[in-house]
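The values are calculated or read from the model by the stated rules, or taken from the named source; none is laboratory data. Predicted model, so just to flag it, every value in this text is computed and none were measured. Positions of Cβ are backbone-derived with ideal geometry, glycine not excepted, and every protein chain shown enters the neighbour counts.
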Amino acid sequence: MPEVYQPDLTSLVERARALPASGRRAVLGICGAPGAGKSTLASEIAAALGEAAVLVPMDGFHLANAELERLGRRDRKGAPDTFDADGFVALLERLRRQTDHVVFAPVFRREIEEPIAGAIAIDRRVPLVITEGNYLLHDEEAWSRVRPLLDACWYIEGPEDERLRRLVARHIEFGKSPHRAHEWVNRSDEANARLIEATRGRADLIVRWWGQ
């Protein structure tokens, strides 16, 4: 079973800093349900490590809205099959090889609800890549190839009421009405959250995180 840990930020930064060894790049995954705080935590660790780390979120591999419409999956955006999982695996494999001078990764822009290609540059000299997302520990289809590419994976969890509050507030901030935000959280986000929670036992570390 994973270790359960209620840390401060400094101790997590030091754990992350220690992952690269013998000049070999390491990849740290930060997983958790929607609204758990994984994006914020990953950003804070990357900022604390400066040039020694780069953040590459999984969300850059969202399928475009036009493709989700074609597939009839726009109303379940965020489910495992609404990402390019094979593309994400290919990026992780390329980053682990550390042979290219620069690798470019996509990013997801919430203000337009679309991925943008080539938005993150990862220099070959950066020793630590941090990736965060919902399905890093998922074991179905292409997602099952992600976990072996991570040197460590932490599962983030915190108070459920706060997680749900953040989710609703996020959807409202980016354009949904309060009614639509609550409906989306209860129908789509929570279905994803139950799936993600089932992967908790595959993490190296359970982080009880109350950060904002």
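So the values come out like this:
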{"quantity": "Selection from segment 52-108 of residues that are aromatic (Phe, Trp, Tyr) and touching a Ser or Thr at 6+ places or on another chain (Cβ under 9 Å)", "calculated": "88"}
{"quantity": "The listed residue being closer than 29 Å to residue 10 by Cβ and either over 13 Å from the mean Cα position of the chain (by Cα) or modelled with pLDDT of 95 or more (or both), out of 91, 68, 49, 41", "calculated": "49"}
{"quantity": "Output for segment 125-137, where each listed residue is surrounded by fewer than 22 Cβ atoms within 10 Å (Cβ to Cβ) and either in contact (Cβ under 8 Å) with a residue 60 or more places away in the chain or touching a helix residue (DSSP H, G or I) at 6+ places or on another chain (Cβ under 7 Å) (or both)", "calculated": "126, 127, 128"}
{"quantity": "Residue list for segment 173-194, filter: of a type in the set (Gly, Ala, Ser) and surrounded by fewer than 16 Cβ atoms within 10 Å (Cβ to Cβ)", "calculated": "175, 177, 191"}
{"quantity": "Failed item, numbered, when residue 90 is tested on (1) out of contact with any Lys or Arg (no Cβ under 8 Å at 6 or more places or on another chain); (2) in contact (Cβ under 8 Å) with a residue 12 or more places away in the chain", "calculated": "(2)"}
{"quantity": "Criterion violated by residue 196 - all others in (1) touching a strand residue (DSSP E or B) at 6+ places or on another chain (Cβ under 9 Å); (2) in a loop (DSSP other than H, G, I, E, B); (3) not charged (D, E, K, R) satisfied", "calculated": "(2)"}
{"quantity": "Residue list for segment 131-145, filter: touching an Asp or Glu at 6+ places or on another chain (Cβ under 8 Å) and either assigned to a strand (DSSP E or B) or β-branched (Val, Ile, Thr) (or both)", "calculated": "133"}
{"quantity": "Cross-chain or 6+ apart pairs with Cβ under 9 Å, segment 10-27 first and without any contact (Cβ under 8 Å) to a residue 40 or more places away in the chain, then of a type in the set (Asp, Glu)", "calculated": "13/44; 21/151"}
{"quantity": "Residue within segment 2-10 that is among the hydrophobic types (A, V, I, L, M, F, W, C) and over 18 Å from residue 205 (Cα atoms) present", "calculated": "no"}
{"quantity": "Segment 103-124, residues that are surrounded by 13 or more Cβ atoms within 10 Å (Cβ to Cβ), touching a residue at least 24 places away in the same chain (Cβ under 8 Å) and not in a loop (DSSP other than H, G, I, E, B)", "calculated": "105, 106, 107, 108, 114, 115, 119, 120, 122"}
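A quick yes/no check of all residues on (1) surrounded by 13 or more Cβ atoms within 10 Å (Cβ to Cβ); (2) touching an Asp or Glu at 6+ places or on another chain (Cβ under 9 Å); (3) in contact (Cβ under 8 Å) with a residue 24 or more places away in the chain:
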{"position": "101", "(1), (2), (3)": "no, yes, no"}
{"position": "147", "(1), (2), (3)": "yes, yes, yes"}
{"position": "164", "(1), (2), (3)": "yes, yes, yes"}
{"position": "171", "(1), (2), (3)": "yes, yes, no"}
